[in-house]
Amino acid sequence: MSIKGVLFDLDGTLLDTAGDMGAAANHVIASLGLPTLSDDVLQCTTSDGSYALLRAGIDEALIEQHGIEVLRGQMLAFYGQNLCHHTRPYEGVPELLDWLNRYDIPWGIVTNKPSALTVPLLAELPLFDNCRVTVSSDTLVFKKPHPAPLLFAAERLVMAPQQCVYIGDHKRDIEAGRAAGMTTIAAIWGYISAGEDPNNWQADHQTPTVLSLFNWLKDAVDVKR
């Protein structure tokens, strides 16, 4: 089948959120009198989420003393109040989304970010006004790498999974996309975790920049001109 719909991961794929996610993690880490995480650590850890960010800066003894869920709650409370101070779309993303909108190509977002954070963050950025479907970590019982969120998104776009491409910067994105029967693209510009080799993810394609993804989509997507 030809590709008719485009689905994206959010953090590390469409948006560079490491600045705000990192600030929230560092707020908690600094409150314990510990040195904050460097930008390099944030870049390779953000895609693994709040637990990974906290564990990157807090030793296990302190985590057991305070409770990881308590610490995570503090981090997410801070983040929820500071969602979009440093967050920006990656270079080329506004132009790519504009092209999808111009040619009426359905697109959406499937993220492991909780809806309480996803929805207000997207509302801050007008470039997401034409997003057709948003699936967060708590939209369904399952989250990525389970294929259910992607299958749900395809259903909302009223198309078969085989008509969709899914783009993400984490192994679980590719695993979920493959399990859903979608074409998968590894976003190499994103938050590639330390020690990860995207060559091992078995993605159908890899794109090093948003521009290279844009060019691939122009050739692959069924555009009715």
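Can you tell me which residue among 165, 141, 133 is over 16 Å from the mean Cα position of the chain (by Cα) and modelled with pLDDT of 95 or more?
After applying the criteria, what remains is 141.
Just checking, does the stretch 64-81 include any residue being in contact (Cβ under 8 Å) with a residue 60 or more places away in the chain, closer than 19 Å to residue 47 by Cα and loosely packed, with under 14 Cβ neighbours inside 10 Å?
no
Does residue 90 fit the bill of being under 16 Å from residue 20 (Cα atoms), open to solvent by less than 40 Å² (accessible area, probe 1.4 Å) and of a type in the set (Phe, Trp, Tyr)? Please lay out each step first, then the result.
Working: under 16 Å from residue 20 (Cα atoms): yes; open to solvent by less than 40 Å² (accessible area, probe 1.4 Å): yes; of a type in the set (Phe, Trp, Tyr): yes.
Here the answer is yes, as residue 90 does meet what is asked.
Filter the strands (runs of 3 or more DSSP E) completely within the stretch 142-217 down to those with at least 2 residues that are within 14 Å of residue 111 (Cα to Cα).
164-168
When both residues are 6+ apart or on different chains and their Cβ atoms are under 7 Å apart, which pairs have a first residue that lies in the stretch 199-217 and is of a type in the set (D, E, K, R), and a second that is outside any helix (DSSP H, G or I)?
As it stands, the answer is 204/183; 204/184; 204/185, since those pairs meet every condition given.
Residue 188 fails exactly one of the following numbered conditions: (1) crowded, with 24+ Cβ neighbours inside 10 Å; (2) without any contact (Cβ under 8 Å) to a residue 24 or more places away in the chain. What is the number of that condition?
Result: residue 188 fails condition (1) only.
Per-residue answers, yes or no, for (1) of a type outside the set (Ser, Thr, Tyr); (2) within 16 Å of the chain's Cα centre (by Cα); (3) surrounded by 14 or more Cβ atoms within 10 Å (Cβ to Cβ):
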| residue | (1), (2), (3) |
| --- | --- |
| 45 | no, yes, yes |
| 59 | yes, no, no |
| 62 | yes, no, yes |
| 110 | yes, yes, yes |
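Conditions (1) surrounded by fewer than 17 Cβ atoms within 10 Å (Cβ to Cβ); (2) polar (S, T, N, Q), marked per residue:
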position	(1), (2)
2	yes, yes
7	no, no
10	no, no
20	no, no
24	no, no
33	yes, no
84	yes, no
96	no, no
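Which condition from (1) open to solvent by 50 Å² or more (accessible area, probe 1.4 Å); (2) modelled with pLDDT under 95; (3) out of contact with any Lys or Arg (no Cβ under 8 Å at 6 or more places or on another chain) is the one that residue 196 breaks?
Exception for residue 196: condition (3).
The values are calculated or read from the model by the stated rules, or taken from the named source; none is laboratory data. Bear in mind the structure is a predicted one, so any value in this text is a computation, not a measurement. Here Cβ is always computed from backbone atoms with ideal geometry, including for glycine, and neighbour counts include all displayed protein chains. Ligands, DNA and RNA are excluded from the accessible area calculation, which covers all protein heavy atoms including side chains. Shrake-Rupley method; radii C 1.70, N 1.55, O 1.52, S 1.80 Å.
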